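Chemist: One structure follows; several queries about it will come next.
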Amino acid sequence: MAGTPEAPKPRACVGEIPAYVPGKPPTARPGLTAYKLSSNENPYPPLPGVIEAAAAAAAQMNRYPDMGCTALYDALSERLGVGADRLAAATGSVALIYQLLQAFCDPGDEVVYAWRSFEAYPIAVTAAAASSVQVPLTSTFEHDLPAMAAAITERTKVVLVCTPNNPTGPSVTHSALVEFLELVPSHVVVVVDEAYVEFVRGGDPVDALALLAAYPNVVVTRTFSKAYGLAGLRVGYAVAHPPVAAALRAVSLPFGVSSVAQAAAIASLAAEAELLERVDKLVDERRRVVDELTSQGWELPAAQGNFVWFPLGDRSVEFAEAAGAEGLSVRPFAGDGVRVSIGEPEANARLFEVAARFRTM
Ligand SMILES: *Cc1c(COP(=O)(O)O)cnc(C)c1O
């Protein structure tokens, strides 16, 4: 046969998947401690009991993990007061969003979400061959829930609500979410992505589990990566009505959540009081960061996660470079803004210096 043999071709959507830009590690400079404030990680190391549980599980690494995540479901079930048939665990809550889109979207179906929001959303939607409908945030960098409701068409299968919104920071209120859910057709799945729920201190906070009782189309996703400090182990979960949870489990990767991750997550739930003390410290630190930056003259959106957002527009990359030169790795979104995670007090103090100097540049 003449000519070049035909090469294998992925689905057209694969070529359209935007790249995920991970937060960069900081560049070390002699004599200067470098800090990574670019991935919203927990600056605290894991609690001792958690490391021991993970190590004990690691000693059994010749065996597959419990595919049913039985002990983890039991622990979550007790902690959340929901039946295990409402739970689905996966390798991070990002995986649950992929699974949800895979389970509910046919090619060309629409997924509505705010923009700017979590950068994994357009990637997951495109990978599912679904179509993104991005609804601009308000001038205060919040979800425009009425506009999102208005963006729903007969092709819409899923709506993603990120609260608090990564990377801008504001959270939606319970009453605003209820008003929104009243407008959403009952066959459209509404994901409430609560990756940062433990950090919320605003008034009228979302009670997502209560919403589940009234709205069977709600799916709550949470993660052990942020407040619980297990980002490196990859474990998150969804709470949903039993048929939705069953669909999420049906499309999951067999044996996806490792035994080390399952053990660490269970130990973290057992050590929750101690972990939540650390969350309180991070929230205090967030308050200190916002107060100091505000007194410098910065106008920042409400910060309800473990990060702050500098709406710097065209100067975003320049700010990230200025921070990088001082040993701080932050996360710029070119032309839009810069997200800076709340870190160790010394790292945050360094941020004050960078931010103050930048205002005079
Ligand atoms: C970090 C994050 C997640 C969860 O990440 P995993 O590590 O995959 O659990 C989900 N949603 C948002 C908005 C996040 O910022």
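Chemist: May I ask you to list the residues in the range 290-305 that are assigned to a loop (DSSP other than H, G, I, E, B) and farther than 19 Å from Ser38 by Cα? Before you say what the answer is, go through the steps one by one.
Modeler: We begin by selecting, within the range 290-305, every residue assigned to a loop (DSSP other than H, G, I, E, B); these are 296-305.
Gln296, Gly297, Trp298, Glu299, listed by residue number.
Chemist: Test of understanding: among Thr126, Thr91, Thr70, which residue is away from the ligand (no atom under 16 Å from the Cβ) and out of contact with any helix residue (DSSP H, G or I) (no Cβ under 7 Å at 6 or more places or on another chain)? Even if it seems obvious, please write down each step before you answer.
Modeler: Numbers: Thr126 fails: out of contact with any helix residue (DSSP H, G or I) (no Cβ under 7 Å at 6 or more places or on another chain); Thr91 fails: away from the ligand (no atom under 16 Å from the Cβ).
Step by step, each of Thr126, Thr91, Thr70 is checked, and only Thr70 is away from the ligand (no atom under 16 Å from the Cβ) and out of contact with any helix residue (DSSP H, G or I) (no Cβ under 7 Å at 6 or more places or on another chain).
Chemist: The conditions are (1) within 16 Å of the ligand (Cβ to nearest atom); (2) small (Gly, Ala, Ser); (3) part of a loop (DSSP other than H, G, I, E, B), and Ser268 fails exactly one of them. Which is it?
Modeler: Answer for Ser268: the failing condition is (3).
Chemist: Quick one: count up the residues across the range 328-361 that are in a loop (DSSP other than H, G, I, E, B) and more than 25 Å from the chain's Cα centre (by Cα).
Modeler: Quick first cut of the range 328-361, residues in a loop (DSSP other than H, G, I, E, B) only: 330, 334-336, 342-344, 361.
Filter again for more than 25 Å from the chain's Cα centre (by Cα), leaving 361.
Counting residues in the range 328-361 that are in a loop (DSSP other than H, G, I, E, B) and more than 25 Å from the chain's Cα centre (by Cα) gives 1.
Chemist: In this structure, is Leu181 of a type outside the set (Val, Ile, Thr) and within 16 Å of the ligand (Cβ to nearest atom)?
Modeler: On the way: of a type outside the set (Val, Ile, Thr): yes; within 16 Å of the ligand (Cβ to nearest atom): no.
The answer is no for Leu181.
Chemist: When only residues in the range 278-295 that are farther than 13 Å from Glu344 by Cα and in contact (Cβ under 8 Å) with a residue 40 or more places away in the chain count, which is surrounded by the fewest Cβ atoms within 10 Å (Cβ to Cβ)? Show your work before the answer.
Modeler: To start, the set of residues in the range 278-295 that are farther than 13 Å from Glu344 by Cα comprises 280, 287, 290-295.
Among the residues that remain, those that are also in contact (Cβ under 8 Å) with a residue 40 or more places away in the chain are: 292-293.
Details: Glu292: 16, Leu293: 22.
Across the range 278-295, the extreme among qualifying residues is Glu292.
Chemist: Looking at this structure, is Arg339 crowded, with 22+ Cβ neighbours inside 10 Å, touching a residue at least 40 places away in the same chain (Cβ under 8 Å) and of a type in the set (D, E, K, R)? If you could, list the steps in order and put the result at the bottom.
Modeler: Numbers: crowded, with 22+ Cβ neighbours inside 10 Å: yes; touching a residue at least 40 places away in the same chain (Cβ under 8 Å): yes; of a type in the set (D, E, K, R): yes.
When the stated conditions are applied, Arg339 passes them.
Chemist: When the residues of the range 129-164 are filtered to those that are of a type in the set (S, T, N, Q) and out of contact with any Asp or Glu (no Cβ under 7 Å at 6 or more places or on another chain), which remaining residue is farthest from the ligand (Cβ to nearest atom)? Lay out the reasoning, then the answer.
Modeler: If we filter the range 129-164 for residues that are of a type in the set (S, T, N, Q), which is where we start, we get 131-132, 134, 138-140, 153, 156, 163.
Filter once more, so that each one left must be out of contact with any Asp or Glu (no Cβ under 7 Å at 6 or more places or on another chain): 132, 134, 139-140.
On the way: Ser132: 15, Gln134: 15, Ser139: 21, Thr140: 18 Å.
Checking each candidate, the answer is Ser139.
Chemist: Related question: For a quick check of your reading: which helices (runs of 4 or more DSSP H) sit entirely within the range 1-106 and have at least 2 residues that are within 30 Å of Asn217 (Cα to Cα)? Before you say what the answer is, go through the steps one by one.
Modeler: On the way: elements: 12-15, 48-58, 70-80, 93-104.
Because the criterion is at least 2 residues that are within 30 Å of Asn217 (Cα to Cα), the helices (runs of 4 or more DSSP H) in the range 1-106 that meet it are 12-15, 70-80, 93-104.
Read-outs throughout are calculated quantities, based only on the coordinates presented, and are distinct from any laboratory measurement. Since this is a predicted model, take the numbers as computed values, not measurements. Don't worry about glycine lacking a Cβ; one is built from the backbone with ideal geometry, like all the others, and counts go over all protein chains shown.
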